[in-house]
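Step one of this worksheet: look at the structure below.
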Amino acid sequence: MSERRIRVLIAKPGLDGHDRGAKVVARALRDAGMEVIYTGLRQTPEMIAESALQEDVDVIGLSILSGAHMALVPRVFDLLKQNKQENVKVFVGGIIPDEDVSKLLEMGVVGVYGPGTLTDDIVKDIEQKVRSRSKTN
Amino acid sequence: MSLTASVLEGNRLALARLLTQVENNTPEGREALSELFPYTGKAHLIGVTGAPGTGKSSLVNQLARFFRQQEEDTQSTDLTRRVGIVAVDPSSPFTGGAILGDRVRMRDLAGDSGVFIRSMASRGSLGGLAHTTGGIVQALDAAGFEVILIETVGAGQAEVDIARLAHTTLVVEAPGLGDDIQAIKAGILEIADILVINKADRPGVESTERALRSMLQLAYPVSHIFLNHEKLHHGLNPEFTNQSGETIITDKMIWNPPIVKTIATEGNGVRDLASLISQHYEFLQKTGEWERRELARLQSELNSLLQETLVDRWKSSIAPEEYELVLQSLFRHDISPWQAVEVLLSGMKK
């Protein structure tokens, strides 16, 4: 019997200590039947990429409330590319100014979830994006 | 290049993908494990179990760090060993989802390419490990990790699967979790090769130690009556030391589970714990216990695979409607459960 579950890495890069949102999202994804690897605070992009590789995740969720997203997110993408993990979907949650949202999406982020996003919407979005990936694989 | 060839070459992405196949028990994963099997059997498998919150992950973090540090003592010829870590956390019985949070305590190991950490969810298995943990460990073993630390889910009293998988089992306790009646119950304490009292800076550590020590005296009475207590703290019994105090290990030796106190968050006691682990390794090697445990482990793996395969074959040999008919006659009390089994299995012999 084989079983395929969506594996998600939830990480908080950068120096802010507000992990409430990350935990709420982790819990919501768990309740949707996903296996969520939670790595905790103050992760460097290198640590995140390394964890994503070892854990062979389908999705990475980055929670950023420090304003450093335009520095951190491209770095994560570079490292994923170096590790040949371009197929991993990346989403971002936290405080992201509107003008940056479209920039992040252009970079390849699959979704940006700000305050007030319903966790149900996040779950549906991730399920759909991962499914579209397995079709192309 | 095939997945297994890349794994044997040390490709970490290939290893990660293989582990996913193994964890999901896919045909590819099973085939790869068969190809890798000749390369397994070299690693020292160390199990770490104990109640939730006793500090298992923090201890694993410290132990891995210790194994990875070049011995400062230059006389030691020991090369640093590569460390694999498999950390199991529970799956929700309702949704099947899981939060795997052991990496939170293992951030010191980030950036070390000699360490590979894999988290896994228990996926309904009740013995403290997942069904496929053994396969994950085999893959890491074949990939050349010399030490593999296996952390169970927070275990209560009866989650003892780890003792069958690991060569050396650490049971982690913390002060204040139970009195001496807990210490004499059957189950998890019995499987300990080394007992660790973590959080040893907390109040109540003396009474925890006393309870565990008296439990051990009941379990290993002879050695405790006749042998010197002081040396028992070091695991090996003193009858087997020569005049200069060096240990001579013989096949007649008994291993008395030693107790070690640690404060994992600060790294206190970790050196002592690591030295007990290598003593236990030496003990296993020299007494023939290593082979005995390997055989027992392979036997239990073989048996569970046999069961699994037989059940699968049986399922494919019988039509669901036939099963339903038998179930209905059982429900009407026309036949007994044993007779139902006979009827259902009769199709298989053909």
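The values are calculated or read from the model by the stated rules, or taken from the named source; none is laboratory data. On a predicted model such as this, the values are computed, not experimentally measured, just so you know. Virtual Cβ from ideal backbone geometry, glycine too; neighbours counted across all protein chains shown.
Run B:Arg103 past the list (1) at the interface with chain A (Cβ under 8 Å from one of its Cβ atoms); (2) in a loop (DSSP other than H, G, I, E, B) and report the number of the one that doesn't hold.
(2)
If I ask for residues that are in a helix (DSSP H, G or I), closer than 28 Å to B:Asn25 by Cα and touching a residue at least 12 places away in the same chain (Cβ under 8 Å), which ones from the stretch B:306-345 would you list?
B:Arg313, B:Trp314, B:Ser317, B:Tyr323, B:Leu344, B:Leu345 - these are the residues of the stretch B:306-345 that are in a helix (DSSP H, G or I), closer than 28 Å to B:Asn25 by Cα and touching a residue at least 12 places away in the same chain (Cβ under 8 Å).
Before we move on, is A:Val8 away from every other protein chain (no Cβ under 11 Å) and closer than 21 Å to A:Val130 by Cβ? I'd like the intermediate steps shown before the answer.
Numbers: away from every other protein chain (no Cβ under 11 Å): no; closer than 21 Å to A:Val130 by Cβ: yes.
Here the answer is no, as A:Val8 does not meet what is asked.
Does B:Leu273 meet the test of being within 19 Å of the chain's Cα centre (by Cα) and at pLDDT 95 or above? Walk me through it before giving the result.
Details: within 19 Å of the chain's Cα centre (by Cα): yes; at pLDDT 95 or above: yes.
It is true that B:Leu273 is within 19 Å of the chain's Cα centre (by Cα) and at pLDDT 95 or above.
Please find, within the stretch A:32-68, the residue that is surrounded by the fewest Cβ atoms within 10 Å (Cβ to Cβ) out of those that are among the acidic types (Asp, Glu) and at the interface with chain B (Cβ under 7 Å from one of its Cβ atoms). Steps first, please.
Filtering the stretch A:32-68 for residues among the acidic types (Asp, Glu) gives A:35, A:46, A:50, A:55-56, A:58.
Remaining after also requiring at the interface with chain B (Cβ under 7 Å from one of its Cβ atoms): A:35, A:46, A:50, A:55-56.
Values: A:Glu35: 25, A:Glu46: 14, A:Glu50: 23, A:Glu55: 24, A:Asp56: 20.
So, considering only residues that are among the acidic types (Asp, Glu) and at the interface with chain B (Cβ under 7 Å from one of its Cβ atoms), the one surrounded by the fewest Cβ atoms within 10 Å (Cβ to Cβ) is A:Glu46.
Out of all the residues in the stretch B:12-46, which are within 10 Å of another protein chain (Cβ to nearest Cβ) and outside any helix (DSSP H, G or I)?
Hits for the stretch B:12-46 are B:Asn24, B:Asn25, B:Thr26.
From the list A:Leu80, A:Leu29, pick out the single residue that is of a type outside the set (Asp, Glu), more than 8 Å from chain B (Cβ to nearest Cβ) and either surrounded by fewer than 18 Cβ atoms within 10 Å (Cβ to Cβ) or on the phi < 0 side of the Ramachandran plot (or both). Show your work before the answer.
Numbers: A:Leu29 fails: more than 8 Å from chain B (Cβ to nearest Cβ).
One residue alone meets the criteria, A:Leu80.
Does at least one position in the stretch B:145-155 carry a residue that is at the interface with chain A (Cβ under 10 Å from one of its Cβ atoms), touching a residue at least 60 places away in the same chain (Cβ under 8 Å) and buried (at least 24 other Cβ atoms within 10 Å of the Cβ)? It would help to see each step written out before you state the result.
Our first condition is that a residue be at the interface with chain A (Cβ under 10 Å from one of its Cβ atoms); within the stretch B:145-155, this holds for none.
No, the stretch B:145-155 has no match at all.
Out of (1) surrounded by fewer than 22 Cβ atoms within 10 Å (Cβ to Cβ); (2) at negative phi; (3) more than 21 Å from the chain's Cα centre (by Cα), what's the single condition that is false for B:Gly96?
In the conditions (1) surrounded by fewer than 22 Cβ atoms within 10 Å (Cβ to Cβ); (2) at negative phi; (3) more than 21 Å from the chain's Cα centre (by Cα), B:Gly96 misses (2) alone.
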